[in-house]
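Please see the structure below; I have some questions.
The values are calculated or read from the model by the stated rules, or taken from the named source; none is laboratory data. Since this is a predicted model, take the numbers as computed values, not measurements. Cβ atoms come from the backbone with ideal geometry, glycine included; neighbour counts cover every protein chain shown.
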Amino acid sequence: MDAFYRGGELKRVVATQNPVLRQQVPAGERTVESKRMEAVFKEGDVLSVAAVGEVHWALSSDLMRREGESGRLDLGFFGEQLQEARGEGQVVYREESPSGRLTLTANSAAYDAGPNLFSFSDPEGAHLHYARNSMEDTGVVESRTRADGFRFHADRGELAAAGSVQTIFSRPGKEPVLIQAERLVLDSGLKSLSYAGNPRILRQSHLIRGTTIRLDSAGERLEVQDVDSTFWDPGGDSDRKCRIQAPELVYQRSSGKAAYRGGVRMQSGDFKVESSHLDLLLEDSSSSTIQSIAAGGDVEIREGDRWARGDQAVYHPREGRVELTGELAEVVEPLRGSASGRRVTLFVGTDRIVIDQPASLPAP
């Protein structure tokens, strides 16, 4: 180690041979290790530290451990307080808590003590990997996000990403889910993720768009505002697509039910449904194909020239069967007139109609 003085006052220290800087801070203990380290002093206090070559730092406390690596790390101090930091050269940031493990990688990173803010950027894309500690089948257990940059507000526990955001969620035995957006915010404790800026969910069997998409980190609950969703059978033709639009969608993975609310429009080929609300039941399979669709509240159905209405309707896509019920379920066809009853069963793509407890019969 070489020490340099001016007027009897220590000005600079240069240390090689894997030096270690160790400090006691309110949050715990901070350590910095590297191949070479240079510290600049002013009036006996550390003004700055430059660590170069295989830099590793760590901040440990009873509840959390934060650590990172980089090719170079520059630290700026005011008294004994760290004011700013900048890392360059394949920066890696890790954070581990009882709930999970987070890893951020980027080309460069900076820290500003004023807002207690970490920022990460990379012209080739910064990356975030999050894994839950519990690997039980409770939902999404791993996610990988790519973005132009990330900002971590340590005081709020909030992590935000912006610019070409792409997240891939993985769960054992299930098809991966891809979410794309321009912005992402992970709230305190990484309990939920909120996507904005033309967000969309893509899977092999469906595409979901909205103004905002919110997902809990366990993958149990999904909320979409101003939703426009399209479902199809993998490998099927375009006529098998089912499009559903509504002001709000809430999906619960445990039940497999997607609840559309606020005035819903559904279309599958020439078959159209409008209702106050609609529940879509997905099969428990890797592709999450549609098992049934239940509509309620002033249901109106159209297929070509055929028109029907009732209080509730259940559509079974694979069978092409619609069960329409109500105080008076009614179907109207231009050539055969109208018919009504407590239950009307329509078969999509055919002229077949079955009426239970009819109030009137179709004209011959």
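Quick check, is residue 293 crowded, with 16+ Cβ neighbours inside 10 Å, of a type in the set (A, V, I, L, M, F, W, C), part of a strand (DSSP E or B) and modelled with pLDDT of 90 or more?
Yes; evaluated as a whole, the condition is true for this residue.
Still on this structure, please answer the following. Please go through the stretch 157-206 and give me each residue that is at pLDDT 95 or above, surrounded by fewer than 21 Cβ atoms within 10 Å (Cβ to Cβ) and among the aliphatic types (A, V, I, L, M), ordered by number.
196
With respect to residue 93, is the statement that it is in contact (Cβ under 8 Å) with a residue 24 or more places away in the chain, touching a Phe, Trp or Tyr at 6+ places or on another chain (Cβ under 6 Å), surrounded by 14 or more Cβ atoms within 10 Å (Cβ to Cβ) and assigned to a strand (DSSP E or B) true?
Numbers: in contact (Cβ under 8 Å) with a residue 24 or more places away in the chain: yes; touching a Phe, Trp or Tyr at 6+ places or on another chain (Cβ under 6 Å): no; surrounded by 14 or more Cβ atoms within 10 Å (Cβ to Cβ): yes; assigned to a strand (DSSP E or B): yes.
When the stated conditions are applied, residue 93 does not pass them.
Listed residues 332, 314; which is at pLDDT 85 or above, more than 43 Å from the chain's Cα centre (by Cα) and hydrophobic (A, V, I, L, M, F, W, C)?
One residue alone meets the criteria, 332.
Another one. How many residues does the stretch 96-147 contain that are closer than 18 Å to residue 158 by Cβ, modelled with pLDDT under 90, part of a strand (DSSP E or B) and among the aliphatic types (A, V, I, L, M)?
1
Same structure again: Show the residue pairs meeting these rules: Cβ distance below 6 Å; 6+ apart or different chains; first residue within the stretch 245-270 and within 22 Å of residue 283 (Cβ to Cβ); second residue crowded, with 16+ Cβ neighbours inside 10 Å and of a type in the set (Phe, Trp, Tyr).
Cβ pairs passing all conditions: 246/260; 249/260; 258/251.
Using beta carbons and a limit of 7 Å, which pairs, at least six apart or on different chains, have the first residue in the stretch 1-20 and farther than 18 Å from residue 51 by Cα and the second one assigned to a strand (DSSP E or B)?
Partner pairs satisfying both residue conditions: 5/11; 10/3; 10/41.
As an exercise: evaluate residue 301 against (1) surrounded by fewer than 19 Cβ atoms within 10 Å (Cβ to Cβ); (2) closer than 27 Å to residue 252 by Cα; (3) at pLDDT 90 or above; (4) not polar (S, T, N, Q) and give the number of the one condition it does not meet.
(1)
Now, a different point. Applying the selection to the stretch 5-42, what residues are in a strand (DSSP E or B) and within 40 Å of the chain's Cα centre (by Cα)?
Residues satisfying the conditions are 20, 21, 22, 23, 24, 25, 28, 29, 30, 31, 32, 33.
Would you be able to say whether some residue in the stretch 57-74 is over 23 Å from residue 17 (Cβ atoms) and of a type in the set (Phe, Trp, Tyr)?
From the stretch 57-74, those over 23 Å from residue 17 (Cβ atoms) are 59-66; that's our starting set.
Subset that is of a type in the set (Phe, Trp, Tyr): none.
No, the stretch 57-74 contains no residue that is over 23 Å from residue 17 (Cβ atoms) and of a type in the set (Phe, Trp, Tyr).
Testing residue 286 on (1) under 39 Å from the mean Cα position of the chain (by Cα); (2) modelled with pLDDT of 85 or more; (3) not β-branched (Val, Ile, Thr), one condition comes back false. Which one is that?
The number of the failed condition is (2).
Return the pair list, or none, for Cβ contacts closer than 8 Å from residues in the stretch 330-341 that are over 17 Å from residue 311 (Cα atoms) to residues that are basic (Lys, Arg) and in a strand (DSSP E or B), at least 6 apart or on different chains.
The qualifying pairs are 333/306.
So, in the stretch 207-218, of the ones that are at pLDDT below 90 and surrounded by fewer than 21 Cβ atoms within 10 Å (Cβ to Cβ), which residue ends up nearest to residue 279 (Cα to Cα)?
216
Among the listed residues 47, 104, identify the single one that is surrounded by 15 or more Cβ atoms within 10 Å (Cβ to Cβ) and in the same structural domain as residue 169 (by TED's automatic domain parsing).
Numbers: 47 fails: in the same structural domain as residue 169 (by TED's automatic domain parsing).
Checking each option against the conditions leaves just 104.
Kindly indicate which of 89, 28, 71, 44 is closer than 20 Å to residue 153 by Cβ and of a type outside the set (A, V, I, L, M).
Working: 89 fails: closer than 20 Å to residue 153 by Cβ; 71 fails: closer than 20 Å to residue 153 by Cβ; 44 fails: closer than 20 Å to residue 153 by Cβ.
That would be 28, the only listed residue that is closer than 20 Å to residue 153 by Cβ and of a type outside the set (A, V, I, L, M).
Return the residue satisfying two criteria in turn: it lies in the stretch 1-38 and is at pLDDT 90 or above, touching a Leu at 6+ places or on another chain (Cβ under 8 Å) and among the hydrophobic types (A, V, I, L, M, F, W, C), and of such residues it is surrounded by the fewest Cβ atoms within 10 Å (Cβ to Cβ).
This residue is 32.
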